[in-house]
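Asker: There's a structure below that I have some questions on.
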Amino acid sequence: MLGNYFYHQIIRKTVIAFGTLFNDIHIQHDDAAGNVISDIKVPIAYGPRQKFLARITQQAELNKATQITLPRMSFEITSISYDSTRKAGITQTFKAKDVNNNQMKKVFMPVPYNLGFDLNILVKQQDDGLQILEQILPFFQPGFNISIDLVKSIGEKRDIPMVLQNISQQDDYEGDFATRRALIYTLSFTAKTFFFNHIAQTPEGLIKKVQLDFYEDSKPRTAKRVQRYTVLPKAKQDYNEDDVIDTADDLLIEPGDDFGFTETSTFFGDGKEFAPNRGVDI
């Protein structure tokens with residue numbers, strides 16, 4: 001199981017998707033007459049809030065322009081935990097078509113995990129923080145779905161809920177008048193994402209034959225088969241363009257095509273059994 005290299009970049013994609021939600025938030029400042037005198041796009045970056053607070057508090061001159069200015073936002077992953085409420089069967093699989101070569105691949109059901117995020121809003125003025133909050137909160141009730149291409153090779157896109165869990169406020173205004181104030185709003189989110197295992201390739205793609213044998217009783221050692229039911233795909237179009245739809249076209253059916261079925265029943269009295277590993281009756 002372990003040892004097959006794969007990297008779907010699901011955590012990275014989820015982090016990017018989360019940050020993108022908040023990368024176009026603005027605040028405005030008005031004069032006494034109510035005219036807009038400034039429109040500021042609030043920058044956002046990945047990293048812990050302590051890093052940005054340290055850069056702010058280490059500034060010696062309050063009026064000197066620096067790289068770290070307020071308002072700004074930061075976000076970071078705070079936890080990764082398994083979500084048993086969304087668990088699927090561990091042996092369940094489904095087939096998906098490779099977007100590059102149209103080959104069918106076997107995919108195990110994804111494993112549900114929750115990624116915890118903290119979005120930190122750092123402002124100097126209370127009104128700046130309230131403006132930012134009011135541009136975020138109406139969209140989370142308490143979740144907001146965002147579509148993420150989790151496994152690009154098979155076109156596996158899913159809507160990942162970003163659920164707002166908690167909001168807290170912190171005012172770091174302590175000390176004398178020379179101390180710079182930083183109001184911090186922290187919004188805690190949970191991203192309900194999925195992790196995919198190694199994508200195994202299945203060249204056979206489509207099940208081309210279903211065979212079922214019926215026996216006269218349920219005793220495996222003495223029971224004799226009496227009937228075989230077989231189902232084969234039947235083409236609905238002329239694949240080889242020979243002006244006739246026959247068994248040659250049946251062999252050319254591809255996954256995703258519209259096709260019918262050929263059903264046959266055979267009755268036996270020979271006492272033989274079908275050997276799956278050899279594909280013959282013995």
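Asker: Among strands (runs of 3 or more DSSP E) lying entirely in the stretch 63-175, which contain 2 or more residues that are assigned by TED's automatic domain parsing to the domain that holds PHE22 and within 18 Å of THR193 (Cα to Cα)?
Answerer: The qualifying strands (runs of 3 or more DSSP E) are 72-82, 104-108, 111-123, 143-151, 156-171.
Asker: Within the stretch 231-277, how many residues are closer than 21 Å to ILE207 by Cα, in a loop (DSSP other than H, G, I, E, B), of a type outside the set (Val, Ile, Thr) and modelled with pLDDT of 75 or more?
Answerer: 10
Asker: Testing ILE27 on (1) out of contact with any helix residue (DSSP H, G or I) (no Cβ under 6 Å at 6 or more places or on another chain); (2) on the phi < 0 side of the Ramachandran plot, one condition comes back false. Which one is that?
Answerer: The single condition ILE27 does not satisfy is (1).
Asker: Return the residue satisfying two criteria in turn: it lies in the stretch 210-224 and is modelled with pLDDT of 80 or more and hydrophobic (A, V, I, L, M, F, W, C), and of such residues it is farthest from THR264 (Cα to Cα).
Answerer: PHE214
Asker: In the stretch 223-258, what count of residues is obtained for those that are of a type in the set (Gly, Ala, Ser), surrounded by 13 or more Cβ atoms within 10 Å (Cβ to Cβ) and under 39 Å from the mean Cα position of the chain (by Cα)?
Answerer: 1
The values are calculated or read from the model by the stated rules, or taken from the named source; none is laboratory data. Treat the numbers as computed from the prediction; the structure is a model and nothing was measured. Note that each Cβ is placed from the backbone with ideal geometry, even for glycine, and that neighbours are counted across all protein chains shown.
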